[in-house]
1. So, in region 77-105, exactly how many residues are modelled with pLDDT under 85 and not small (Gly, Ala, Ser)?
2. Criterion first (surrounded by fewer than 12 Cβ atoms within 10 Å (Cβ to Cβ) and on the phi < 0 side of the Ramachandran plot) does Gln89 satisfy it?
3. Residues that are surrounded by fewer than 18 Cβ atoms within 10 Å (Cβ to Cβ) and of a type outside the set (D, E, K, R), at least 1 per element: which helices (runs of 4 or more DSSP H) completely within region 278-381 meet that?
4. Quick check: anything in region 250-264 outside any helix (DSSP H, G or I) and either of a type in the set (A, V, I, L, M, F, W, C) or over 19 Å from Arg214 (Cβ atoms) (or both)?
5. For region 169-211, which positions are on the phi > 0 side of the Ramachandran plot and without any contact (Cβ under 8 Å) to a residue 60 or more places away in the chain?
6. Of all the helices (runs of 4 or more DSSP H) wholly in region 189-242, which have at least 3 residues that are surrounded by fewer than 21 Cβ atoms within 10 Å (Cβ to Cβ)?
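The values are calculated or read from the model by the stated rules, or taken from the named source; none is laboratory data. All values reported here derive from a predicted model rather than from experimental measurement. Note that each Cβ is placed from the backbone with ideal geometry, even for glycine, and that neighbours are counted across all protein chains shown.
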Amino acid sequence: MAEQGKIRVLIVDDIAETRDNLEKLLFFEKDIEVVAKASTGREAVALSKQYQPDVVLMDINMPDMDGIAATEAMISQVPTTQVIMMSVQGEQDYLRRSMLAGAREFLIKPISAEDLYNAIRHVYRLRTTQRVAVAASTTETGGDGGGPDHGQIIAVFSPKGGVGTSSIAANLAVTLRQQTNKKVALVDGNLILGDLGVIMNMVSNKTVADLANRIAELDRDLLYDVLATHTTQVKVMLAPPNPQMGELVTSDHLRAILDMMRKEFDYVVVDTPSSFQDRALAILDMADRIAVLMTLEMTCIKNIKLFLEVAELLEYSQEKILLVLNKADSRLGIRVENVEETIRHKVTHQIANAAHEMTLAINQGLPMVIEKRGHQTAKDIAKLAAILSDDQSGASTKKDKDSPSSEPAQANRGGLFSRLIAKR
């Protein structure tokens, strides 16, 4: 048996050499102990029930029962176990299927020792956070994110790149400031190749990386020291100046930063990267509303359908997701009604196509809602802002009147992977 306080690990791989190598890598880590090893998926499920491991290292390709099926069975029978999926292939479909099965992390072989240690400790912390979040939700009275002392986090997201999330996020933040005259912040969640600095025509020597480097000291003064101020009085958190610095900002950093910004601002608009990776999903998890952008392209529609499947598995409420058709154009040969039938989700709002005007606005560094407020696209963005701001005003009342729906809304802010338990 593992010593008390150690992270209990089960290794599952059909290759004996791989199992032994992983065990050797973990042997000298004082806070980690391998409690069992399995060569098949069926054996892994049986051992998980016997040993109740904290973390399972699961190979995706195995005979008799692959890692996907084994993970589904394991999580349904031992729901406190956290699964890290391992594969020699890193295709998006493998990642998606692993998430749907309930895995918390996805590592590509060969796995470095540092990546292995970090992944195990990360998912173990999330397991602990899950318990804390559940305990807090049972004792909490009144709402949190939708209450009077907390602002609303709005994630602008699309599972496909090139849909216009950065432009819409920037224009939405400016419009919210203009409409409500409340405190609005804009966050560039694209940590590797962020564009908000260009779109907003802003240069700053301080970015989100400066907060990540001093996360233990994070307070109100440090937050405002890093935020840049746009001419519209929107506070902007810019992305790091290069990809190397962006890689150093973790999902835990983002959660801490957004949690503080929620307390300081009425609206926090986050430009969210087109990804199912941990940092993007951490933003979506913390968001009160997700403005999911789509276009009338078959590739985008396919990705939207996949995202909605994942969102349902993660127990995002219907109210949390706002499906928005961007670059709406009736000449593209696809009817919105047909799309809604295919994806089984209503399109809540449409933003007219203005490819030339939006590109010109980006090149000028002046949001379109400032330069061309009378344009139909700007009016559509204003309507979207009105929908989101009106939603916040009624959020607290809705929770009070309909307590069953309020519980998932609170859980959504507790950390994505900490509550990613598959319900099949």
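1. Narrowing region 77-105 to residues modelled with pLDDT under 85: 79-80, 89-105.
Applying the additional criterion that residues be not small (Gly, Ala, Ser) yields 79-80, 89, 91-97, 99-100, 104-105.
Adding up the residues that qualify gives 14.
2. Numbers: surrounded by fewer than 12 Cβ atoms within 10 Å (Cβ to Cβ): yes; on the phi < 0 side of the Ramachandran plot: yes.
Criteria met by Gln89.
3. Working: elements: 278-286, 298-313, 336-343, 355-364, 368-371.
Output list reads 298-313, 336-343, 355-364, 368-371.
4. Step one: filter region 250-264 for residues outside any helix (DSSP H, G or I), giving 250.
Going one step further and asking which of them are either of a type in the set (A, V, I, L, M, F, W, C) or over 19 Å from Arg214 (Cβ atoms) (or both), we end up with none.
No; the residues of region 250-264 include none that is outside any helix (DSSP H, G or I) and either of a type in the set (A, V, I, L, M, F, W, C) or over 19 Å from Arg214 (Cβ atoms) (or both).
5. At the first step, the residues of region 169-211 found to be on the phi > 0 side of the Ramachandran plot are 181, 201.
Passing the criteria: only Asn181.
6. Working: elements: 196-199, 208-213, 220-226.
The helices (runs of 4 or more DSSP H) meeting that bar are 220-226.
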